[in-house]
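Participant: Quick one: the structure is below, questions incoming.
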Amino acid sequence: MSQPKIINIVSGKGGTGKTLLTAVLADLLGNENHSTLIVDLDVFVRGLTSLLYYHKKERIELIESNEISIADFFIDKGDMERSGSHKIATSRYRTFDVAPSVSRVDEVLKFTDLMPDTKSEAITLLNALIKKVHNKYDFILLDSRAGYDELIAASHFISDVTICVEEEDSISKITSNNLINQLKEDSDSPIFRLSNKTRTESVNMEYSSGGVEYLGAVPFDMDVMRSFGTKYFWDDISRTIYKSSIARSWNNLSNKLGWNITVDEFRSKPFGNENVERKLQFFSVKDRILLVYGLIIGFIGAIYPLIDLMWIREVLKEPEGMLRVVSMITGALGFSMAAWVLFKNKK
Ligand SMILES: Nc1ncnc2c1ncn2[C@@H]1O[C@H](COP(=O)(O)OP(=O)(O)OP(=O)(O)O)[C@@H](O)[C@H]1O
Ligand SMILES: [Mg+2]
């Protein structure tokens, strides 16, 4: 197997959606039969390890006795003989593997025991870490913590590409610019921006900022927010524009880097036109369908009794008036459905 491609996911400020995006991207690659590993480098927040914990039905011990977590690897300064362990722990999660940051999701760590003191020490440690796992994988995704430190500098340095995930607001953009400028000092490896939780279609694919191009815009999605961390999450997001936008952004990246490794962007569109859905992004997919089809049924049902469609009555040989009553009831049901969705979401 050739060298794995290493993809580093960072952000200027916290909570922009890195961890989730990394997991969804890994699953898209896994579905295309690329063996993929996510390394949870965010040892204190450990978002990915927490997702794994719920995936393992809240099993406390996430690693086996002869294995070592990412945090332990850092504490041992890469010397695995010291802990008597000989393997970096990896755990199956759907179609990809995860290297958990800690052995227990509630583990308390000491910052000074763990964080490399210098950039070069961090680079040596990360290279040693990758060497331990690289021969099994086509892709290694690094889920980093927000902001900048020696480890972020090192992960950018050792990666084939860094993706900086940001939100649309100006604070997120400033933090993103600062991080990108800092990373540019560390290495020439390519950097791209990705806008997440967008509320408009304002991010133009051609648009770049500070000389760094955008891979795309991933919209804010009600299904993502509502089902994050629940057991329905993967089912719920399978139909979302969120997932197809991540696929599109990946294909854009692969094209820009000349990798030619695409993932499936397909999603069944309930209305044929994605723009209608983008306008209804604050409703879940189910509610969008109920609302739009409810209104259509409502209007058709309400309009029919107002116009004298004699020919339909003749074709159907319906008793006089019957069709009007049925259509009025159908129309009322359609409107009630739409009104219920609006009421439920307002609450
Ligand atoms: N496109 C989206 N639409 C709606 N909610 C989203 C979207 N992307 C992410 N979220 C939500 O944002 C929250 C933060 O996501 P996530 O933990 O992936 O961010 P993060 O950047 O990894 O955070 P941290 O900096 O703490 O590691 C989660 O509740 C997630 O469901
Ligand atoms: Mg995270």
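Participant: Filter region 104-114 down to residues that are open to solvent by 80 Å² or more (accessible area, probe 1.4 Å) and either touching a helix residue (DSSP H, G or I) at 6+ places or on another chain (Cβ under 6 Å) or in a strand (DSSP E or B) (or both), then give me how many there are.
Facilitator: 1
Participant: Here's another thing I want to ask about it. Only one residue in Ser101, Ser85, Ser69 is more than 16 Å from ligand 2 (Cβ to nearest atom), buried (at least 21 other Cβ atoms within 10 Å of the Cβ) and among the small types (Gly, Ala, Ser), so which one is that?
Facilitator: Selected residue: Ser69, the only one of Ser101, Ser85, Ser69 that is more than 16 Å from ligand 2 (Cβ to nearest atom), buried (at least 21 other Cβ atoms within 10 Å of the Cβ) and among the small types (Gly, Ala, Ser).
Participant: Scanning for something surrounded by fewer than 18 Cβ atoms within 10 Å (Cβ to Cβ) and in the same structural domain as Thr95 (by TED's automatic domain parsing), does region 4-13 turn up at least one residue?
Facilitator: No, there is no match, as no residue in region 4-13 is surrounded by fewer than 18 Cβ atoms within 10 Å (Cβ to Cβ) and in the same structural domain as Thr95 (by TED's automatic domain parsing).
Participant: Any residue in region 29-52 that is open to solvent by less than 10 Å² (accessible area, probe 1.4 Å) sitting within a Cβ distance under 9 Å of a residue that is near ligand 2 (Cβ under 9 Å from one of its atoms) and among the aromatic types (Phe, Trp, Tyr)? List the pairs, counting only those 6 or more apart or interchain.
Facilitator: Once the first residue is open to solvent by less than 10 Å² (accessible area, probe 1.4 Å) and sits in region 29-52, no partner that is near ligand 2 (Cβ under 9 Å from one of its atoms) and among the aromatic types (Phe, Trp, Tyr) comes close enough.
Participant: Here is a follow-up. Looking at region 120-148, I want the residues that are surrounded by 15 or more Cβ atoms within 10 Å (Cβ to Cβ) and have a partner that is among the basic types (Lys, Arg) with Cβ atoms under 6 Å, at least 6 apart or on another chain. Which pairs are those?
Facilitator: Short answer, once both residue conditions are applied: Phe139/Lys5; Ala146/Lys13.
Participant: Please give the number of the condition Met328 fails out of (1) open to solvent by 60 Å² or more (accessible area, probe 1.4 Å); (2) over 30 Å from Glu213 (Cβ atoms); (3) at pLDDT 90 or above.
Facilitator: (3)
Participant: Taking Ala128, is it farther than 20 Å from Asp72 by Cβ and part of a helix (DSSP H, G or I)?
Facilitator: Taking the combined requirement at face value, the residue does not satisfy it.
Participant: Moving to a separate point now. Just for region 121-146: of the residues that are within 15 Å of ligand 2 (Cβ to nearest atom) and of a type in the set (D, E, K, R), which one is farthest from the chain's Cα centre (by Cα)?
Facilitator: Once the filter is applied, the top-ranked residue is Arg145.
Participant: Can you find even one residue in region 147-165 that is outside any helix (DSSP H, G or I), within 18 Å of the chain's Cα centre (by Cα) and modelled with pLDDT under 95?
Facilitator: No, every residue in region 147-165 fails to be outside any helix (DSSP H, G or I), within 18 Å of the chain's Cα centre (by Cα) and modelled with pLDDT under 95.
Participant: Evaluate the following for Lys279: is it of a type in the set (Lys, Arg), open to solvent by 80 Å² or more (accessible area, probe 1.4 Å) and modelled with pLDDT of 85 or more?
Facilitator: The answer is no for Lys279.
Participant: Within the bounds of region 53-63, is there any residue that is away from ligand 1 (no atom under 16 Å from the Cβ), closer than 21 Å to Ile163 by Cα, assigned to a loop (DSSP other than H, G, I, E, B) and in the same structural domain as Thr198 (by TED's automatic domain parsing)?
Facilitator: No, every residue in region 53-63 fails to be away from ligand 1 (no atom under 16 Å from the Cβ), closer than 21 Å to Ile163 by Cα, assigned to a loop (DSSP other than H, G, I, E, B) and in the same structural domain as Thr198 (by TED's automatic domain parsing).
Participant: Related question: Give me the pairs, please: first residue somewhere in region 1-20 and within 15 Å of ligand 2 (Cβ to nearest atom), second residue anywhere and in a loop (DSSP other than H, G, I, E, B), beta-carbon distance under 6 Å, and either six or more positions apart or on two chains.
Facilitator: Asn8/Ser159; Val10/Ser144; Ser11/Ala146; Lys13/Ala146; Gly14/Ala146; Thr16/Glu167; Lys18/Ser11
Participant: Let me ask something additional. Could you count how many residues in region 32-52 are farther than 15 Å from Leu20 by Cβ and within 15 Å of ligand 2 (Cβ to nearest atom)?
Facilitator: So the count comes out to 4.
Participant: Let me ask another. Residue by residue through region 14-32, note down the ones that are within 13 Å of ligand 1 (Cβ to nearest atom), part of a helix (DSSP H, G or I) and polar (S, T, N, Q).
Facilitator: Thr19, Thr22 - these are the residues of region 14-32 that are within 13 Å of ligand 1 (Cβ to nearest atom), part of a helix (DSSP H, G or I) and polar (S, T, N, Q).
Participant: A follow-up question, please. Of the residues Ser249, Ser209, only one is in contact with a strand residue (DSSP E or B) (Cβ under 8 Å, 6 or more places away or on another chain) and modelled with pLDDT under 85; which?
Facilitator: Every option except Ser209 fails the conditions.
The values are calculated or read from the model by the stated rules, or taken from the named source; none is laboratory data. Please read these numbers as outputs of a predicted model, since none were measured by experiment. Using ideal geometry, Cβ is built from the backbone for each residue, glycine included, and neighbour counts are taken over all protein chains shown. The protein model used for the area step is the full one, side chains on, heavy atoms only, and it has no ligands, DNA or RNA in it. Shrake-Rupley method; radii C 1.70, N 1.55, O 1.52, S 1.80 Å.
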